[in-house]
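Here the structure is laid out as structure tokens; the discussion comes afterwards.
The values are calculated or read from the model by the stated rules, or taken from the named source; none is laboratory data. The model shown is predicted, which means the values in this text are computed figures rather than measured ones. Cβ placement follows ideal geometry from the backbone for every residue including glycine, while neighbour counts extend to all protein chains displayed.
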Amino acid sequence: MKRRLKLKPFVLPAVYTLFVGILLITVFLARKTLVGTKEDDTVYVSGSILDSYVPVVNLDTIIMRPYSSDKVTIGKDFYSYEDDATNQANSIIYYENTYMQNSGVDYVAEETFDVQTILDGEVIEVKKEELLGNVVTIRHDNDIISVYQSLSEVNVEKGEQVSQGQIIGKSGTSALNPTLNNHLHFELMVKGQIKDPENYFDKKLGELE
């Protein structure tokens, strides 16, 4: 007759505890391996990338006029060699027996009107000149510079960031064009070239040549 092996009471709990411990260790090691692999595959943004970040220009932004009043009209046109004789005659400035070609457009109104920036940008110059009056120059994206002359008031300072449509001053007069009375002389430069502003208003930045 065979003798039956009899286990002591503490053996089964010990075996069960050992089994659970091995199972937990195995799960922990497997989880750690998976986490480590995931971290190794992660691409982190470096400081150099952030330092070289360049804001994306919204090419759908529409260029505004430098005024909002519906009472403003054109007092003197931009001089273009391609215009006919009549338009060119209205684009000549006469000052102290000298004829000069108008490098911008003069906007006139009977009453003083607010002058606003055509796009977001940075004020790069604010000055007062004897012939031109107060002058504000703003640099915009896409190599665009706008110049606002003959201002009676100026509400911005050099280095200031301005938003499209922000009022930067008020129309006024200038000694160079006294017959225009209350007006704004506005000039526009695109990629270093003086352009007729009337050809750019209400256009998207992505449409510029």
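At a glance:
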{"item": "Scope segment 82-116; condition in a strand (DSSP E or B), within 28 Å of the chain's Cα centre (by Cα) and hydroxyl-bearing (Ser, Thr, Tyr); matching residues", "result": "TYR107"}
{"item": "Single condition LEU119 does not satisfy, out of (1) part of a strand (DSSP E or B); (2) within 26 Å of the chain's Cα centre (by Cα)", "result": "(1)"}
{"item": "Every residue from segment 58-91 that is out of contact with any Ser or Thr (no Cβ under 8 Å at 6 or more places or on another chain), farther than 24 Å from VAL115 by Cβ and not aromatic (Phe, Trp, Tyr)", "result": "LEU59, ASP60, GLU82, ASP84, ALA85, THR86, ALA89"}
{"item": "TYR94 closer than 15 Å to GLU187 by Cα and either of a type in the set (Ser, Thr, Tyr) or in contact (Cβ under 8 Å) with a residue 60 or more places away in the chain (or both)", "result": "no"}
{"item": "Hits in segment 54-72 - residues which are modelled with pLDDT of 85 or more and exposed (fewer than 11 other Cβ atoms within 10 Å of the Cβ)", "result": "ASP60, ASP70, LYS71"}
{"item": "Single unsatisfied condition, GLU82 versus (1) exposed (fewer than 10 other Cβ atoms within 10 Å of the Cβ); (2) modelled with pLDDT of 90 or more", "result": "(2)"}
{"item": "Residues within segment 170-209 that are closer than 26 Å to GLU153 by Cβ and part of a strand (DSSP E or B), tallied", "result": "11"}
{"item": "Among the candidates ASP196, ASP202, ASP141, residue that is under 24 Å from THR61 (Cβ atoms), surrounded by fewer than 21 Cβ atoms within 10 Å (Cβ to Cβ), touching a residue at least 60 places away in the same chain (Cβ under 8 Å) and touching a helix residue (DSSP H, G or I) at 6+ places or on another chain (Cβ under 8 Å)", "result": "ASP141"}
{"item": "Residue list for segment 119-149, filter: more than 25 Å from ASN87 (Cα to Cα) and either among the polar types (S, T, N, Q) or in contact with a Pro (Cβ under 7 Å, 6 or more places away or on another chain) (or both)", "result": "ASN134, THR137, ASN142"}
